[in-house]
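The values are calculated or read from the model by the stated rules, or taken from the named source; none is laboratory data. Fair warning: this is a prediction, and the values are worked out from it, not measured in the lab. Counting neighbours? That spans all protein chains shown, and the Cβs are built from the backbone with ideal geometry, glycine included. Keep in mind that these areas ignore ligands, DNA and RNA; they rest on the heavy atoms of the full protein, side chains included. Shrake-Rupley method; radii C 1.70, N 1.55, O 1.52, S 1.80 Å.
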Amino acid sequence: SVAVLPFQSIGNAKEGAVLAFGVAEAVLHQLANLRELEVTARTSSFSLQEKPGDARAVGLALNVHYLLEGSVQEAGDRLRITAQLIDTVTGAHVWSIRFDKERADIFAVQDEIATQVANALQLSLDADATDRLAGQGTTHVNAYLAYLQGRSLLAKGSVSEAGHAIEQFTAAMQLDPAFAAAYVSLAEA
């Protein structure tokens, strides 16, 4: 069992916070598609965003054996994304990885994080499971960023923020009319 905690944005850019939120949410959903793994719901794991605490205490609170946490740092069109898998029984790092990539490579980074977590947990992945780990529903980076902005706004739970989220989901759909997740999130908003 694993809980994906909200990734931290290193720096002051508002867009960095949205990207950090989106990376964690995307990896959570990718891992949740694996039958072999129990993944804590985002509403539970992201509730610890302000005050995560000790890994062992968080593991007990969420009833999970592993935590996935990370950070996102931006410099121009470059991203540095780190992710760590922590054993909540011992509090020790099981695995850690860092990516230095172009912003346009965000999808590949998310796929790689999800795959590496599955490998670190020694899950046996068949071809179907590997396919479920990959892909974000769009290859259009700006559509995906609008979608992430909408998801971040929607997570705040206020009516006014939901209105702004609707604008972002609509923009994502206009940029990529085949982006199904944007339609689903629009309906949710």
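Using Cα pairs closer than 8 Å and at least 6 residues apart in sequence, work out the relative contact order for the chain, in percent. Before the final figure, lay out each step's value.
Working: 312 pairs, mean separation 36.6, N = 189.
Over the chain, the number comes to 19 percent.
For the chain, give the share of DSSP beta bridges that are antiparallel, in percent and rounded to the nearest 5; count only bridges with both residues there. Before the final figure, lay out each step's value.
Working: 19 of 26 bridges.
Rounded to the nearest five, the antiparallel share is 75 percent.
Loop-only check: which GluC sites (Glu not before Pro) in the range 24-103 are DSSP coil with at most 15 other Cβ within 10 angstrom? Numbers along the way, then the final one.
Values: sites: 25, 36, 38, 50, 69, 74, 102; in loops: 36, 38, 50.
Qualifying residues, ordered by number: 36, 38, 50.
Would you kindly find the accessible area of residue 98, with a 1.4 Å probe and non-protein molecules such as ligands, DNA and RNA excluded, rounding to the nearest 10 Å²?
140
Using helices alone, I'd like the mean residue ellipticity at 222 nm for the chain: each DSSP H run of four-plus residues gives -39500 (n - 2.57), total over residue count, nearest 500.
On the way: 8 runs with 94 residues, N = 189.
After summing the helix terms and dividing by residue count, I get -15500 deg cm²/dmol.
If you fit an axis through the alpha-carbon atoms of helix 106-120 and take the longest principal axis of the Cα set of the chain, what angle between them do you get, 0 to 90°, nearest 10?
Once rounded, one gets 20 degrees.
Given springs between every Cα pair under 10 Å in a Gaussian network model of the chain, which of 72, 27, 64 has the largest fluctuation?
64
Carbon and sulfur: what percent of the chain's accessible surface (1.4 Å probe)? Please report the intermediate quantities before stating the final value.
Details: 4660 of 9240 Å².
Carbon and sulfur together cover 50 percent of it.
To the nearest 20 Debye, how big is the dipole of the chain about its Cα centre, given +1 on the beta carbon of each Lys and Arg and -1 on that of each Asp and Glu? Let's see the in-between values first.
Working: 13 positive and 22 negative charges, 77 e Å.
The calculated dipole for the chain is roughly 360 debye.
Against the longest alpha carbon principal axis of the chain, how many degrees, from 0 to 90 and to the nearest 10, is the axis of helix 159-175 turned?
80
Once the dipole of the chain is set up with Lys and Arg at +1 and Asp and Glu at -1 on Cβ about the Cα centre, which of 84, 53, 6 lies farthest towards its positive end?
The listed residue farthest towards the positive side: 53.
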